[in-house]
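Read through the structure below, which is laid out as structure tokens, and then see the notes.
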Amino acid sequence: MTTDVTSRSGLVLPTYGKPPEGNHPPLDFPGYRSTGLRHPKKPLVLLPQRLTEVTGPLLGADLITPNDADLTTQHDGEPIGQRIIVSGRVLDSGGTPIPDTLLEIWQTNAAGRYRHSREHHPAPLDPNFDGIGRCITDSAGRYRFVTIQPGSYPWGNHYNAWRPAHIHFSLFGRAFTQRIVTQMYFPGDPLLPLDPIYNSVPDDAARERMVARFDIELTQPEWALGYNWDIVLRGRSATFFEEPHDAT
Ligand SMILES: [Fe+2]
């Protein structure tokens, strides 16, 4: 439930409401060990949006080039791995497409290694793959990335802990305060039932909404597999949500 606030100039400023039950993980989830140390110890305070947050400029549209959405062409050579196309729509809670909105992704290479200074996994780096992409949705709210199937990697949460293959997504919606950070998974991954991060989302249907669908129509003959994944934001009265982790 939200309580909108009307500013002195008459503009209605939506207030963030309580997240729907079951859609988002608890901030302290015992199976995901590090949340025990970093979750807020006091109740969250819901603040009204301010004028600048509602009317401020969206980020980055004029800085994005088509090359940013193709992670396989950002170097002189091609990266190693299974080429994939990941595409879908960004929608608000009413099913309305959200055009001209910025998406950012980051992921491991095919061997399960991030190009990051704090990466410890002793898998090879790929000189032709950075694992970072950006794009802007088109007029129908559609995004499209070309990339490489990411690998699984160990993460030390518990004995023999391996993350299922995933792509991190960050979306900015219509304003910076609507930013959502989440992960997309791949269908049939045998690590999904064992992963505390995936399983920290309580609701079965909400969990499954994080798994992309293999799409033979999106698949291109002799070239790349296609995965379809739609993302639903909650419109102007969006519930603020941020995962309790960042680069894991
Ligand atoms: Fe990750």
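The values are calculated or read from the model by the stated rules, or taken from the named source; none is laboratory data. All figures in this text were calculated on a predicted structure; none of them were measured in a lab. Positions of Cβ are generated from backbone atoms using ideal geometry, with glycine treated the same way; all protein chains shown enter the neighbour counts. SASA here: full protein model, heavy atoms, side chains in, ligands and nucleic acids out. Shrake-Rupley method; radii C 1.70, N 1.55, O 1.52, S 1.80 Å.
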Original post:
For segment 84-135, what are the residues that are crowded, with 19+ Cβ neighbours inside 10 Å and more than 25 Å from Pro164 (Cβ to Cβ)?
Top reply: Asp92, Ile98, Thr101, Leu102
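Residue-by-condition table, conditions (1) at pLDDT 85 or above; (2) open to solvent by 50 Å² or more (accessible area, probe 1.4 Å); (3) more than 23 Å from the chain's Cα centre (by Cα):
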| site | (1), (2), (3) |
| --- | --- |
| Gly22 | no, no, no |
| Pro30 | yes, yes, no |
| His39 | yes, no, no |
| Gly77 | yes, no, yes |
| Gly81 | yes, no, no |
Original post:
Which residue pairs have Cβ atoms under 6 Å apart, sit 6 or more places apart or on different chains, and have a first residue in segment 87-105 that is touching a residue at least 12 places away in the same chain (Cβ under 8 Å) and a second that is polar (S, T, N, Q)?
Top reply: Gly88/Asn228; Val90/Thr101; Val90/Thr137; Pro99/Thr137; Pro99/Ser139; Thr101/Thr137; Glu104/Ser170
Subject >> For Ile231: the one exception among (1) at pLDDT 95 or above; (2) over 21 Å from Pro26 (Cβ atoms) >> reply: (1)
Original post:
Limited to segment 171-228, what total is found for residues that are small (Gly, Ala, Ser) and within 16 Å of the ligand (Cβ to nearest atom)?
Top reply: 2
Original post:
Hey, any hits in segment 126-144 for a residue that's closer than 18 Å to Gly226 by Cα, touching a Gly at 6+ places or on another chain (Cβ under 6 Å) and either within 16 Å of the ligand (Cβ to nearest atom) or among the basic types (Lys, Arg) (or both)?
Top reply: no
Original post:
What do you reckon, is Ala140 under 22 Å from Pro66 (Cβ atoms), in contact with a strand residue (DSSP E or B) (Cβ under 7 Å, 6 or more places away or on another chain) and surrounded by fewer than 16 Cβ atoms within 10 Å (Cβ to Cβ)?
Top reply: yes
Original post:
Which of the residues belonging to segment 95-108 are within 13 Å of the ligand (Cβ to nearest atom) and either more than 17 Å from Asp70 (Cα to Cα) or in a strand (DSSP E or B) (or both)?
Top reply: Ile105, Trp106
**OP:** Check Ser34, Ser7 and return the single one that is small (Gly, Ala, Ser), at pLDDT 90 or above and surrounded by 13 or more Cβ atoms within 10 Å (Cβ to Cβ).
**Re:** Ser34
